[in-house]
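Q: The following block contains the structure, expressed as structure tokens.
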Amino acid sequence: MRPIRVCIDILVVGSATAALVLALRLYESKLDEVSAIDSTKASLSQIEAEIGIRSALGDTSLNEFGHPSAIDRAWFIDHDPTNALASDRAPWIECALPGEFSRDHPRDPTFRGGRGAMFWYNPIRGVIRARVPESASDESARILYETVNGDAWR
């Protein structure tokens, strides 16, 4: 009877250890996601502030609506704002195409298989948005997009 009891004890301890390791990994993963979201929000704020400063100072080429026609990396002396949710290989900022000038959000808020830039900028409206990675469902991608950008995607 003794060897069976030892095997059961080992299984119980092993299972408890595995459950604890799994819980810690899930918690760490959630912390990483929250950190990436916060970092991306900070980068959006930095870009928005720079757009406002450049619009007010007029020291860059402004369009007829008073917004910079493009965002220049040289504006950011210390480091380029980045989207922590994107891969390092993703393009930095994509400007809206003429068919999108009436929009406040990109047609596709996700990277969709690596396509799409970290950020989307509409120079007519002076709006900058961060794209998010594809998720298991469109609903979870939309929720993440709205969390990062602080605005409902329509």
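The values are calculated or read from the model by the stated rules, or taken from the named source; none is laboratory data. Small disclaimer: the values here were computed from a predicted structure and weren't measured. Here Cβ is always computed from backbone atoms with ideal geometry, including for glycine, and neighbour counts include all displayed protein chains.
Q: Examine the stretch 77-84 for a residue that is over 21 Å from Asp32 (Cα atoms) and hydroxyl-bearing (Ser, Thr, Tyr), and state whether such a residue exists.
A: No, the stretch 77-84 has no match at all.
Q: Out of the residues in the stretch 7-37 that are closer than 30 Å to Trp75 by Cβ and of a type in the set (Asp, Glu), state the one that is modelled with the highest pLDDT.
A: Glu33
Q: Can we say Thr40 is under 18 Å from the mean Cα position of the chain (by Cα), outside any loop (DSSP other than H, G, I, E, B) and modelled with pLDDT of 85 or more?
A: When the stated conditions are applied, Thr40 passes them.
Q: Are any residues in the stretch 130-154 in contact (Cβ under 8 Å) with a residue 60 or more places away in the chain and surrounded by 15 or more Cβ atoms within 10 Å (Cβ to Cβ), and if so, which ones?
A: Selection gives Ala130, Leu144, Val148, Asn149.
Q: With the structure loaded, tell me whether Arg112 is in contact with a Phe, Trp or Tyr (Cβ under 6 Å, 6 or more places away or on another chain), of a type in the set (Lys, Arg) and either farther than 20 Å from Ser39 by Cα or modelled with pLDDT of 90 or more (or both) or whether it fails that test.
A: No, not satisfied.
Q: Name every residue in the stretch 95-115 that is surrounded by fewer than 18 Cβ atoms within 10 Å (Cβ to Cβ) and assigned to a strand (DSSP E or B), in order of residue number.
A: Cys95
Residue-wise test of (1) in contact with a Gly (Cβ under 9 Å, 6 or more places away or on another chain); (2) surrounded by 15 or more Cβ atoms within 10 Å (Cβ to Cβ); (3) closer than 20 Å to Ile143 by Cβ.
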residue: Lys30; (1), (2), (3): no, no, yes
residue: Gly52; (1), (2), (3): yes, no, no
residue: Leu62; (1), (2), (3): no, yes, no
residue: Ala70; (1), (2), (3): no, no, no
residue: Ala74; (1), (2), (3): no, no, no
residue: Pro81; (1), (2), (3): no, yes, no
